[in-house]
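> Below are the structure tokens for one structure; questions will follow.
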């Protein structure tokens with residue numbers, strides 16, 4: 001049985017005034033702010049020897065100590081789901097997630113997820129990282145396709161998660177958007193948080209936003225109606241690419257949540273018919289780069305476009321009077 005993991009942090013000047021749950025969420029690998037709040041509420045965390053609330057504001061020099069519970073074996077049955085594996089060794093694997101697949105179990109998705117397939121492919125994951133997300137370091141939305149990395153052991157999981165936290169992982173996407181942005185490249189810097197009117201959505205109009213940055217460049221555009229962008233995530237907020245592109249008037253083609261934005265021009269004629277036929281949000285994580293958790297070697301992998309997205313692009317090519325390659 002794996003033992004509990006103890007931790008100890010001293011509050012640095014730059015962390016003074018931060019909430020205790022937020023502080024721990026940033027410093028503990030694979031620990032969200034909400035999970036940190038659960039640990040605090042369960043009495044697993046003390047500040048200078050005293051229990052505190054998750055909202056406690058830290059002071060310089062205070063000592064935060066606590067422990068993480070031992071991982072519980074997965075409660076989910078392995079399922080023989082086909083996985084498109086790009087790379088695999090004893091520490092990790094990199095795969096192409098197809099559109100329509102949920103990454104990890106959640107209410108309403110208790111079978112058929114990527115986690116179920118990973119547990120079948122690598123049974124040892126069953127005792128790793130709790131029962132909900134064994135081996136999962138990061139996630140993609142259900143309808144977003146592309147490259148995803150999973151860890152096979154606790155040390156690899158911790159080291160990979162640390163890279164995501166310090167933003168040293170390269171994450172690049174290909175995305176079809178309505179219209180053509182001005183210029184050939186740019187950066188969107190708009191803070192993102194929960195939408196004040198709909199808690200299921202994210203928004204740049206949130207009352208409690210967090211900084212978010214998305215870099216983009218145009219790969220190709222068609223008759224001024226639509227563009228293929230290459231996007232690089234600098235931060236990793238929920239729905240960041242979809243929210244940012246919608247906010248600047250170029251929503252992702254096929255996005256049912258953020259796809260309509262006041263002021264954005266709808267395509268007409270053959271382009272309108274093609275774009276309206278998109279079966280999902282046309283967003284694909286085509287490249288991921290990171291340091292190997294054991295060797296330190298820099299690795300990078302690219303995942304080919306899925307058939308639905310490449311097919312839509314082929315139809316745009318056929319309908320365009322002029323397809324203009326930018327990069």
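> Residues that are surrounded by fewer than 19 Cβ atoms within 10 Å (Cβ to Cβ) and assigned to a loop (DSSP other than H, G, I, E, B): does region 213-222 have at least one?
Taking every residue of region 213-222 in turn, none turns out to be surrounded by fewer than 19 Cβ atoms within 10 Å (Cβ to Cβ) and assigned to a loop (DSSP other than H, G, I, E, B).
> Looking at region 19-39, can you tell me whether even one residue there is more than 21 Å from residue 153 (Cα to Cα), modelled with pLDDT of 90 or more, outside the structural domain of residue 294 (by TED's automatic domain parsing) and outside any helix (DSSP H, G or I)?
Among the residues of region 19-39, at least one is more than 21 Å from residue 153 (Cα to Cα), modelled with pLDDT of 90 or more, outside the structural domain of residue 294 (by TED's automatic domain parsing) and outside any helix (DSSP H, G or I), which makes the answer yes.
> For the structure I just gave you, tell me whether residue 227 is surrounded by 22 or more Cβ atoms within 10 Å (Cβ to Cβ), at pLDDT 95 or above and either not in a loop (DSSP other than H, G, I, E, B) or not assigned by TED's automatic domain parsing to the domain that holds residue 143 (or both). Explain how you work it out, then say what you get.
Details: surrounded by 22 or more Cβ atoms within 10 Å (Cβ to Cβ): yes; at pLDDT 95 or above: yes; either not in a loop (DSSP other than H, G, I, E, B) or not assigned by TED's automatic domain parsing to the domain that holds residue 143 (or both): yes.
Taking the combined requirement at face value, the residue satisfies it.
> Can residue 182 be described as in the same structural domain as residue 240 (by TED's automatic domain parsing), modelled with pLDDT of 90 or more and part of a loop (DSSP other than H, G, I, E, B)?
Values: in the same structural domain as residue 240 (by TED's automatic domain parsing): yes; modelled with pLDDT of 90 or more: yes; part of a loop (DSSP other than H, G, I, E, B): yes.
Against the criterion (in the same structural domain as residue 240 (by TED's automatic domain parsing), modelled with pLDDT of 90 or more and part of a loop (DSSP other than H, G, I, E, B)), residue 182 qualifies.
> Sticking with this one: With the structure loaded, tell me whether residue 188 is modelled with pLDDT of 90 or more, over 24 Å from residue 303 (Cα atoms) and surrounded by 18 or more Cβ atoms within 10 Å (Cβ to Cβ) or whether it fails that test. Before you say what the answer is, go through the steps one by one.
On the way: modelled with pLDDT of 90 or more: yes; over 24 Å from residue 303 (Cα atoms): yes; surrounded by 18 or more Cβ atoms within 10 Å (Cβ to Cβ): yes.
Criteria met by residue 188.
The values are calculated or read from the model by the stated rules, or taken from the named source; none is laboratory data. All of these numbers come straight from a predicted model, not from anything done at the bench. For neighbour counting, all protein chains shown are included, and Cβ atoms are generated from backbone atoms with ideal geometry for every residue, glycine included.
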